[in-house]
There are 2 protein chains.
Amino acid sequence: MTNVKHMKWWGWGVDGVSFHHEDKPHLVPFVKRAVGVDLNATPDPPLSLDDLPVPDPMIGPDLLAELTNAVGAEHTRSDRLDRIVHTYGKSIRDLLRLRAGDIPRVPDVVVYPADEAEVQAVVDAVVAADAVLIPFGGGSNIAGSLEAPADESRPVVSIDLGRLNKVLAIDEGSGLARIQAGVLGPEMEEQLTAKGWTMGHFPDSFTHSTLGGWVATRSSGMQSDKYGDIADITRGVRVVQAGKVLVLRPLPSTSTGPSVREMILGSEGRLGVITEVTVQVHRIPEERVVLGYFFPSWEAGLAAMHEISVSDATPSITRVSDANETEFSFSTRKKSAGISSLVSKGLMKVLERKGWDLSKICLSFIGYEGGKAHVARNRAIVKGIVKSHGGIVVGKGPGALYDQKKFDTPYIRDYLLDRGAAADVSETAAPWSQLQPLYTNTIDAVNRAYEEIGTKGWVMCHLSHSYHSGACLYFTFAFRHDGKDPLAQYEVVKSAIQQSFVDNAGTLSHHHAVGVEHSRWLEQDISAPGVHMISGLLGSVDPGANFNPGKIIAK
Amino acid sequence: MTNVKHMKWWGWGVDGVSFHHEDKPHLVPFVKRAVGVDLNATPDPPLSLDDLPVPDPMIGPDLLAELTNAVGAEHTRSDRLDRIVHTYGKSIRDLLRLRAGDIPRVPDVVVYPADEAEVQAVVDAVVAADAVLIPFGGGSNIAGSLEAPADESRPVVSIDLGRLNKVLAIDEGSGLARIQAGVLGPEMEEQLTAKGWTMGHFPDSFTHSTLGGWVATRSSGMQSDKYGDIADITRGVRVVQAGKVLVLRPLPSTSTGPSVREMILGSEGRLGVITEVTVQVHRIPEERVVLGYFFPSWEAGLAAMHEISVSDATPSITRVSDANETEFSFSTRKKSAGISSLVSKGLMKVLERKGWDLSKICLSFIGYEGGKAHVARNRAIVKGIVKSHGGIVVGKGPGALYDQKKFDTPYIRDYLLDRGAAADVSETAAPWSQLQPLYTNTIDAVNRAYEEIGTKGWVMCHLSHSYHSGACLYFTFAFRHDGKDPLAQYEVVKSAIQQSFVDNAGTLSHHHAVGVEHSRWLEQDISAPGVHMISGLLGSVDPGANFNPGKIIAK
């Protein structure tokens, strides 16, 4: 056994934890209305691993012997479960393909190195044998960054970094921690908080994603407004390449030509295997609070977030949902907790009397961290801005609930899929002045796509991160699929969203990477010369295309 | 005439402005003691352009005709002055070589395109003719980024971007400005402030450096603590390459693989010609103040800067000088202004009675920007931290003086050179925990170098920028040269500093780029695989090595 704990092979999270609706009385009618799916109907039967058409491993005895020699027999795995777990990430496309038994190119072997020396031995064996190496962290990727090309004829080796899970050292005098790349979010924060530190990086995937994965895909977390995106947090890095290790020392800033650090960030395994990252860490703040707010409209919420971003306030979280996402949040409320108290306690009547159109209410969460005086002052600045845009403070209850439940959302996808609905997410970032047209045009594009495929669907959005000159918009969509070719239906919807992003001054992805899912839009995002530059870089490091081929750039 | 105003061909700044000591009564004895040079002695006679052995242009009529066709005859210059101005930057090595008539490879022609289309025509003509193209902004570079290799046998074309000097558009809704790359700092800020905006980027070279130059060298400014380094400010960019234009749209953040934006940053002309940059701009703050502080020692000053960097305060400037630099600052005081009042008004006696060793006093400047309440609160936080490290607030007078005089320092180099002393600067960045040993070891290394070359010299340092996990240390050194081979003497001192930087966890340069001056240390900084990655990138974009060859990576 490797002792590396994986997610369910067929869905999000660990076995035994899943979404359920029994304690959420408002969800059934909401989903019926929004997506046309009856949650009380009998769900599809669970999948069985035995039913999957797993192809036999295609790997010669020499390479297998080399790999076994590198990491040990017990850490060289070719059983069905290990191989299937490492075939895909967790996008809706991945989940649909697994359910359809569509697994043309399963890794031939999975290796679990214990340290950088073993990673080097694996890398060198793979390159010498002209095989393919795909680094694997938590397996949460939703851009197709983990899959081998369907037509790959060379042996495919998945290298699982899960045993490299230690915080190696903390430089307390600098706020820097050297950490192995395979550590999962909770494992890492536990080791840091034991010594009074936090990295402050909390993506939605936190419980099932790794530090190396965050770096390889340019992750962002829900407190990135304060702590920065992973690109800001990452200072030093070690990357195993063929026969050598790239070593970038931790530096606060440097002018050493084109940034090699910023080449590794987002490299999705194409420039080698990230084994260690030196990151900025922070003392756990004296105070931390997340407050809920209501805005009378999406436009008002957006304008307030913009004003906050250029104010003297420095909140840790700035988030506002559109009316649809707010309606969804309300529909998941339990009989008496957090949002429930708001929705039921007469507040809605008060707002109605104030002239609010209740169908347009937008729920917002804003977080604060620091000393008590800092938090108090920031809350006061934000309160003034919120009020000037017609919003109101609704207090700590909903904020605390959001904070507790923030990592639960991905579970709902499998639940819906069992009941005939496909759901996924797409996010972008754009300048502030472009966000409203981008939003409107993207919502329209999704609804046109639903019409095109002739189904009922839902789309909702929130602003998830603010920057000085723009913000991230995060869209969630769900539709009742036809049960025949849900993948083709998904393709229509997903393409409509992505095309709308790049057509409306947005990027193809704010923090979910390119993978194979988004590479079609790369040229429209960074122009053909930009694609050529990335291509040239990849080719110079990996002339044999042994490192995760086909990702970022299709060929 | 091109209407592009250049610096003196032989030194810093424009004709008619220079440093003088007549109004600084304490400077003459200080320099005599520190460097062993008598400022009252007769200076070397001024240089004459006519005495320079400028080689004839080596360029064929076809390329010349193409270039003339591209930008017009009046903007295609081959006169001695234009060619000499574009031969070097302004490092002490450059100044010494000009004074020695050491100019083996002067550009054969200087072109001044008016817009991106003309840049494209120049680039395409140069590449088609297999010539060499060197982009030129303000000419302030001190890393050798502007010079042609001495043995370059192909025609060398200097492309001066000075006519691309307009702020093209301001997206007021996003805080983004589209600006032509050839604009000088003051020209740019004037256009921005006319509309109520500032970019907030003020390097020491501000008056004579350009936006494109800042991007190409990864510049940092004295208010970067608030506004970010140029890498943070730069959002979009347009770069002319052979037959095409790289276009990166302005995005607040993105996960599109290895960052092409971060490849252009620091590219020193090797990836094409930057024609346009979209930058973050900010509303001019309600209040802006720079305060002076004294610390009883360098260690105390460093510790205070570190504590400020992890506090809730967000100052715009954090700067502290060591005792030597403080002594230098005191020596440049006029009879009655700013620092003078402090040094003379009995404060020193008070400090002495408090137990301070006056020879160890360290002068610090900390700047604040924002609303009045924000500035007041930040000043209060900083005051508490300063006091807890034994420091005192010395008020607005010295801060205001620093603020007025901040761009004057480079002038002193020519003045000293006229009198037999060579002076230059080297800066680095390192984690907080490494700054004290890096400082001590670097000072020791410089003093050993002075011993080695058998001369009297001075070295001083300030912390110029703070980050969460480290800071920039900025060293200035000056020594009496032997009048025979000052370049060889400089080489000993400069090498000692650079080697100390990389040996003590520092980078080879924080914001002065690599050029040819620092490329020897690149491998020690970013490791051999890092150098290989940059090399692969450059080679894929510029296989013929037509774009500023020899910079960043020697060969």
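The values are calculated or read from the model by the stated rules, or taken from the named source; none is laboratory data. Keep in mind that what you see is a predicted model, and the values were worked out from it rather than measured. Cβ coordinates were reconstructed from backbone atoms using ideal geometry, including for glycine residues, and neighbour counts include every protein chain displayed.
Just to be sure, is residue A:370 among the small types (Gly, Ala, Ser), surrounded by 17 or more Cβ atoms within 10 Å (Cβ to Cβ) and within 14 Å of chain B (Cβ to nearest Cβ)? Explain how you work it out, then say what you get.
Details: among the small types (Gly, Ala, Ser): yes; surrounded by 17 or more Cβ atoms within 10 Å (Cβ to Cβ): yes; within 14 Å of chain B (Cβ to nearest Cβ): yes.
Yes.
Being in contact with a helix residue (DSSP H, G or I) (Cβ under 7 Å, 6 or more places away or on another chain), under 14 Å from residue A:293 (Cβ atoms) and within 14 Å of chain B (Cβ to nearest Cβ) is the filter here, so list the residues in segment A:373-401 that pass it.
Once the filter is applied, which keeps residues that are in contact with a helix residue (DSSP H, G or I) (Cβ under 7 Å, 6 or more places away or on another chain), under 14 Å from residue A:293 (Cβ atoms) and within 14 Å of chain B (Cβ to nearest Cβ), segment A:373-401 yields A:382, A:385.
Residues that are at the interface with chain A (Cβ under 8 Å from one of its Cβ atoms) and over 14 Å from the mean Cα position of the chain (by Cα): which helices (runs of 4 or more DSSP H) entirely in segment B:204-270 hold 2 or more of them?
Details: elements: B:211-217, B:224-227, B:230-233, B:261-264.
Output list reads B:261-264.
Name the residues in segment A:478-512 that are within 14 Å of chain B (Cβ to nearest Cβ) and outside any helix (DSSP H, G or I), would you?
So the first thing to find is which residues in segment A:478-512 are within 14 Å of chain B (Cβ to nearest Cβ), and the list is A:498, A:501-512.
Hits for segment A:478-512 are A:504, A:505, A:506, A:507, A:508, A:509, A:510, A:511, A:512.
Are there helices (runs of 4 or more DSSP H) fully within segment A:370-426 with at least 2 residues that are farther than 30 Å from residue A:142 by Cβ, without any contact (Cβ under 8 Å) to a residue 60 or more places away in the chain and outside the structural domain of residue A:485 (by TED's automatic domain parsing)? List them. Before the answer, list the steps.
Values: elements: A:372-388, A:396-405, A:411-417.
Passing ranges, in order: A:372-388.
Take residue B:420 and decide whether it is touching a helix residue (DSSP H, G or I) at 6+ places or on another chain (Cβ under 7 Å) and more than 19 Å from residue B:322 (Cα to Cα). I'd like the intermediate steps shown before the answer.
On the way: touching a helix residue (DSSP H, G or I) at 6+ places or on another chain (Cβ under 7 Å): no; more than 19 Å from residue B:322 (Cα to Cα): yes.
For residue B:420, the condition - touching a helix residue (DSSP H, G or I) at 6+ places or on another chain (Cβ under 7 Å) and more than 19 Å from residue B:322 (Cα to Cα) - is not met.
When the residues of segment B:444-493 are narrowed to those that are in contact with a Lys or Arg (Cβ under 7 Å, 6 or more places away or on another chain), buried (at least 21 other Cβ atoms within 10 Å of the Cβ) and among the polar types (S, T, N, Q), which ends up nearest to residue B:420 (Cα to Cα)?
Among residues in segment B:444-493 that are in contact with a Lys or Arg (Cβ under 7 Å, 6 or more places away or on another chain), buried (at least 21 other Cβ atoms within 10 Å of the Cβ) and among the polar types (S, T, N, Q), the one nearest to residue B:420 (Cα to Cα) is B:464.
How many of the residues making up segment B:310-330 are within 14 Å of chain A (Cβ to nearest Cβ), out of contact with any strand residue (DSSP E or B) (no Cβ under 6 Å at 6 or more places or on another chain) and not small (Gly, Ala, Ser)? Please lay out each step first, then the result.
Looking only at segment B:310-330, we keep the residues that are within 14 Å of chain A (Cβ to nearest Cβ), and these are B:310-316, B:318.
This time we only want the ones that are out of contact with any strand residue (DSSP E or B) (no Cβ under 6 Å at 6 or more places or on another chain), so: B:310-311, B:313-314.
Of the ones still in play, those that are also not small (Gly, Ala, Ser) are B:310, B:314.
The total comes to 2.
From the list B:515, B:506, B:530, exactly one residue is of a type in the set (Gly, Ala, Ser), farther than 22 Å from residue A:175 by Cα, under 20 Å from the mean Cα position of the chain (by Cα) and crowded, with 23+ Cβ neighbours inside 10 Å. Which is it? Before you say what the answer is, go through the steps one by one.
Details: B:506 fails: farther than 22 Å from residue A:175 by Cα; B:530 fails: under 20 Å from the mean Cα position of the chain (by Cα).
After applying the criteria, what remains is B:515.
Inspect all residues belonging to segment A:273-280 and state whether any of them is modelled with pLDDT of 95 or more, under 29 Å from residue A:375 (Cα atoms), more than 8 Å from every other protein chain (Cβ to nearest Cβ) and buried (at least 24 other Cβ atoms within 10 Å of the Cβ). Working first, answer last.
First, the residues of segment A:273-280 that are modelled with pLDDT of 95 or more: A:273-280.
Filter once more, so that each one left must be under 29 Å from residue A:375 (Cα atoms): A:278-280.
Within this subset, residues satisfying the condition of being more than 8 Å from every other protein chain (Cβ to nearest Cβ) are A:278-279.
Subsequent filtering for residues that are buried (at least 24 other Cβ atoms within 10 Å of the Cβ) retains A:278-279.
Scanning segment A:273-280 turns up at least one residue that is modelled with pLDDT of 95 or more, under 29 Å from residue A:375 (Cα atoms), more than 8 Å from every other protein chain (Cβ to nearest Cβ) and buried (at least 24 other Cβ atoms within 10 Å of the Cβ).
Would you point out which residue out of A:525, A:444 is under 29 Å from residue B:172 (Cβ atoms), among the charged types (D, E, K, R), within 12 Å of chain B (Cβ to nearest Cβ) and assigned to a helix (DSSP H, G or I)? First the steps, then the outcome.
Values: A:444 fails: within 12 Å of chain B (Cβ to nearest Cβ).
Just one listed residue meets the conditions, A:525.
Condition first: more than 10 Å from every other protein chain (Cβ to nearest Cβ), surrounded by fewer than 19 Cβ atoms within 10 Å (Cβ to Cβ) and under 15 Å from residue A:268 (Cβ atoms). Now tell me which residues in segment A:533-554 satisfy that.
The answer is A:545, A:554.
Go through A:45, A:61 for me and flag whichever is at pLDDT below 95 and surrounded by fewer than 21 Cβ atoms within 10 Å (Cβ to Cβ).
Details: A:61 fails: at pLDDT below 95.
Answer to the check: A:45.
Quick check, is residue B:36 closer than 27 Å to residue B:186 by Cβ, at pLDDT 90 or above, surrounded by 11 or more Cβ atoms within 10 Å (Cβ to Cβ) and of a type in the set (Gly, Ala, Ser)? Before you say what the answer is, go through the steps one by one.
Working: closer than 27 Å to residue B:186 by Cβ: no; at pLDDT 90 or above: yes; surrounded by 11 or more Cβ atoms within 10 Å (Cβ to Cβ): yes; of a type in the set (Gly, Ala, Ser): yes.
Criteria not met by residue B:36.
Among the residues of segment B:332-346, are any at pLDDT 90 or above and either hydrophobic (A, V, I, L, M, F, W, C) or within 30 Å of residue A:236 (Cα to Cα) (or both)? Even if it seems obvious, please write down each step before you answer.
First pass over segment B:332-346, keeping only residues at pLDDT 90 or above: none.
Within segment B:332-346 (the criterion being at pLDDT 90 or above and either hydrophobic (A, V, I, L, M, F, W, C) or within 30 Å of residue A:236 (Cα to Cα) (or both)), the answer is no, since none of the residues qualifies.
Run residue A:94 past the list (1) within 24 Å of residue A:20 (Cα to Cα); (2) touching a residue at least 60 places away in the same chain (Cβ under 8 Å); (3) in a helix (DSSP H, G or I) and report the number of the one that doesn't hold.
(2)
Filter segment A:11-50 down to the residues that are in a loop (DSSP other than H, G, I, E, B) and of a type in the set (Val, Ile, Thr) and list them by number.
If we filter segment A:11-50 for residues that are in a loop (DSSP other than H, G, I, E, B), which is where we start, we get A:11-26, A:36-48.
The answer is A:14, A:17, A:37, A:42.
Could you say which residue among A:194, A:181, A:242 is of a type outside the set (Ser, Thr, Tyr), buried (at least 24 other Cβ atoms within 10 Å of the Cβ) and at pLDDT 95 or above?
On the way: A:194 fails: buried (at least 24 other Cβ atoms within 10 Å of the Cβ); A:242 fails: buried (at least 24 other Cβ atoms within 10 Å of the Cβ).
None of the other options fit; the residue is A:181.
Considering only segment B:457-490, state which residues are of a type in the set (Ser, Thr, Tyr) and within 27 Å of residue B:294 (Cβ to Cβ). Step through it out loud before you land on a result.
Start the filter on segment B:457-490 by keeping residues that are of a type in the set (Ser, Thr, Tyr), which leaves B:464, B:466-467, B:469, B:474, B:476, B:490.
Hits for segment B:457-490 are B:464, B:466, B:467, B:469, B:474, B:476.
May I ask you to say which residue of B:114, B:121, B:169 is out of contact with any strand residue (DSSP E or B) (no Cβ under 9 Å at 6 or more places or on another chain) and surrounded by fewer than 18 Cβ atoms within 10 Å (Cβ to Cβ)? Reasoning before the result, please.
On the way: B:121 fails: surrounded by fewer than 18 Cβ atoms within 10 Å (Cβ to Cβ); B:169 fails: out of contact with any strand residue (DSSP E or B) (no Cβ under 9 Å at 6 or more places or on another chain).
Criteria check complete, one pass: B:114.
Can you tell me which residues in segment A:386-422 are crowded, with 21+ Cβ neighbours inside 10 Å, of a type in the set (A, V, I, L, M, F, W, C) and at pLDDT 95 or above?
Of everything in segment A:386-422, those that are crowded, with 21+ Cβ neighbours inside 10 Å, of a type in the set (A, V, I, L, M, F, W, C) and at pLDDT 95 or above turn out to be A:386, A:421, A:422.
Each row is one residue, and each column tells you yes or no for (1) among the basic types (Lys, Arg); (2) within 27 Å of residue A:527 (Cα to Cα).
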| position | (1), (2) |
| --- | --- |
| B:163 | yes, yes |
| B:186 | no, no |
| B:204 | no, no |
| B:208 | no, no |
| B:217 | no, yes |
| B:220 | no, no |
| B:229 | no, yes |
| B:234 | no, yes |
| B:237 | no, yes |
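Output the strands (runs of 3 or more DSSP E) that fall wholly within segment A:150-190 and possess 1 or more residues being of a type in the set (Ser, Thr, Tyr) and over 23 Å from residue B:309 (Cβ atoms), or say none. Reasoning before the result, please.
Numbers: elements: A:156-160, A:167-171, A:176-180.
Ranges flagged: A:156-160.
Scan segment A:1-31 for residues that are surrounded by 14 or more Cβ atoms within 10 Å (Cβ to Cβ) and of a type outside the set (A, V, I, L, M) and report the count.
14
When you scan segment A:516-548, how many residues do you find that are farther than 21 Å from residue B:533 by Cα and in contact (Cβ under 8 Å) with a residue 40 or more places away in the chain? Break it down stepwise before answering.
Taking segment A:516-548 and keeping what is farther than 21 Å from residue B:533 by Cα, we get A:516-525, A:527.
Then drop every residue that is not in contact (Cβ under 8 Å) with a residue 40 or more places away in the chain, which leaves A:516-518.
Number of matching residues: 3.
Would you confirm whether or not segment A:281-303 contains a residue that is at the interface with chain B (Cβ under 7 Å from one of its Cβ atoms) and crowded, with 22+ Cβ neighbours inside 10 Å?
No, segment A:281-303 contains no residue that is at the interface with chain B (Cβ under 7 Å from one of its Cβ atoms) and crowded, with 22+ Cβ neighbours inside 10 Å.
Return the only residue of A:126, A:17, A:31, A:37 being among the hydrophobic types (A, V, I, L, M, F, W, C) and under 17 Å from residue A:157 (Cβ atoms). I'd like the intermediate steps shown before the answer.
On the way: A:17 fails: under 17 Å from residue A:157 (Cβ atoms); A:31 fails: under 17 Å from residue A:157 (Cβ atoms); A:37 fails: under 17 Å from residue A:157 (Cβ atoms).
Only one candidate passes the filter, namely A:126.
Go through (1) crowded, with 21+ Cβ neighbours inside 10 Å; (2) in contact (Cβ under 8 Å) with a residue 40 or more places away in the chain; (3) not assigned by TED's automatic domain parsing to the domain that holds residue A:76 for residue A:188 and report which single condition fails.
Going through the list (1) crowded, with 21+ Cβ neighbours inside 10 Å; (2) in contact (Cβ under 8 Å) with a residue 40 or more places away in the chain; (3) not assigned by TED's automatic domain parsing to the domain that holds residue A:76, residue A:188 breaks only (2).
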